[in-house]
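Trainee: Could you have a look at this structure, given as structure tokens, before my questions?
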Amino acid sequence: MELTLTTYLIVCPLVFLAGLIDSVAGGGGLVSLPAYYLAGLPPVLAAGTNKLSACLGTVASTTRFVRGKKVDWRAGLFAALGAFPGSWLGTLLLQHISEDTVRMLMIVAIPLVAAVVLRKREMTGRCLVPEKGLRPMAFVIGLVVGFYDGLIGPGTGTFLILLFTMLLGMEAVMASGTAKVVNLTSNVAALISLLSTGNVAVMLGLPAALCGMAGNWLGAGLTMKRGAGFIRYMLLVVLVLLLAKMVLDVL
């Protein structure tokens with residue numbers, strides 16, 4: 001498709017905003033993917049280009065969290081190992097299952113997740129698995145959420161943060177940083193698949209990625225500065241947006 005100045009003016013600012021949101025609480029795809037639709041990209045090309053900008057944007061926030069020592073590598077590496085095949089399998093299954101079926105399940109699940117966040121004033125908790133089970137549990141979390149990322153996408157980072165805090169007892173900022181490592185791995189798996197089929201507008205995705213990287217860098221800094229309360233409120237905002245998107249998609 002032909003790329004015009006208007007295309008860049010629509011996509012780039014919205015991808016910056018998406019990067020800012022995503023680095024804090026996940027769910028940046030709720031903003032960036034519609035931005036590509038608004039610019040006139042067909043769905044598959046929009047998905048592929050979005051993955052390109054998301055991957056490079058996530059590199060920026062991941063780097064900042066790593067430099068700030070806000071990544072739990074014990075859990076993060078094993079979750080990333082699960083996320084890669086999970087995302088790949090989710091992308092494959094997407095071709096054989098009704099997305100509406102998955103969305104209906106999510107419409108039921110998201111209010112329950114939001115209720116948990118509202119009740120849980122402190123974004124941390126007691127680890128629910130023994131020390132020897134931490135790495136296997138992290139792998140399972142990565143596999144399941146990576147599968148969701150390949151199948152549906154938006155909200156992946158949000159669910160990682162929630163599971164890391166509620167099941168593994170991570171502090172909120174550490175969970176957010178660790179989620180970035182896992183989400184990056186999941187995005188790379190999906191991007192490889194989409195690049196192989198030519199469904200990425202590279203000349204649009206790269207400039208958008210620069211804006212996404214700036215947003216991610218800024219958001220990561222805000223997260224480390226503002227702490228758990230900031231993340232908690234951002235999680236609630238993302239969950240409401242995610243629920244609204246799912247309902248609109250079904251309708």
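The values are calculated or read from the model by the stated rules, or taken from the named source; none is laboratory data. Only a predicted model underlies this, so the values are computations on that prediction, with no experimental measurement involved. So basically every Cβ, Gly included, is an ideal-geometry build from the backbone, and we count neighbours across all protein chains shown.
Trainee: Tell me, please, whether a residue that is crowded, with 22+ Cβ neighbours inside 10 Å, among the hydroxyl-bearing types (Ser, Thr, Tyr) and on the phi < 0 side of the Ramachandran plot can be found in region 190-204.
Mentor: No, because not a single residue in region 190-204 is crowded, with 22+ Cβ neighbours inside 10 Å, among the hydroxyl-bearing types (Ser, Thr, Tyr) and on the phi < 0 side of the Ramachandran plot.
Trainee: Checking Ile141 against (1) crowded, with 16+ Cβ neighbours inside 10 Å; (2) within 19 Å of Val59 (Cα to Cα); (3) at pLDDT 90 or above: exactly one of these is not met. Which one?
Mentor: Of the numbered conditions (1) crowded, with 16+ Cβ neighbours inside 10 Å; (2) within 19 Å of Val59 (Cα to Cα); (3) at pLDDT 90 or above, the odd one out for Ile141 is (2).
Trainee: In region 53-103, how many are modelled with pLDDT under 70 and part of a helix (DSSP H, G or I)?
Mentor: Residues in region 53-103 being modelled with pLDDT under 70 and part of a helix (DSSP H, G or I): 5 in total.
Trainee: All but one of (1) in a helix (DSSP H, G or I); (2) more than 21 Å from Gly198 (Cα to Cα); (3) in contact with a helix residue (DSSP H, G or I) (Cβ under 8 Å, 6 or more places away or on another chain) hold for Gly48; state the number of the condition that does not hold.
Mentor: So Gly48 meets the others, but not (2).
Trainee: Return the residues of region 185-201 that are of a type outside the set (A, V, I, L, M) and at pLDDT below 90; say none if nothing qualifies.
Mentor: Within region 185-201, Ser186, Asn187, Ser193, Ser196, Thr197, Gly198, Asn199 qualify.
Trainee: Right, Leu210: among the aliphatic types (A, V, I, L, M) and either at pLDDT below 75 or in contact with a Leu (Cβ under 7 Å, 6 or more places away or on another chain) (or both) or not?
Mentor: So Leu210 fails the test.
Trainee: What number of residues within region 1-28 are of a type in the set (Gly, Ala, Ser) and not in a loop (DSSP other than H, G, I, E, B)?
Mentor: 4
Trainee: Restricting region 153-177 to residues that are among the polar types (S, T, N, Q) and at pLDDT 85 or above, which is surrounded by the fewest Cβ atoms within 10 Å (Cβ to Cβ)?
Mentor: Thr165
Trainee: Scan region 19-40 and tell me whether some residue there is modelled with pLDDT under 80 and farther than 30 Å from Ala175 by Cα.
Mentor: no
Trainee: Looking at region 41-56, I want the residues that are among the small types (Gly, Ala, Ser) and have a partner that is at pLDDT below 90 and in a helix (DSSP H, G or I) with Cβ atoms under 6 Å, at least 6 apart or on another chain. Which pairs are those?
Mentor: Taking only residues 6 or more apart or on different chains, the pairs are Ala46/Tyr36; Ala46/Tyr37; Gly48/Leu194; Ala54/Asn187.
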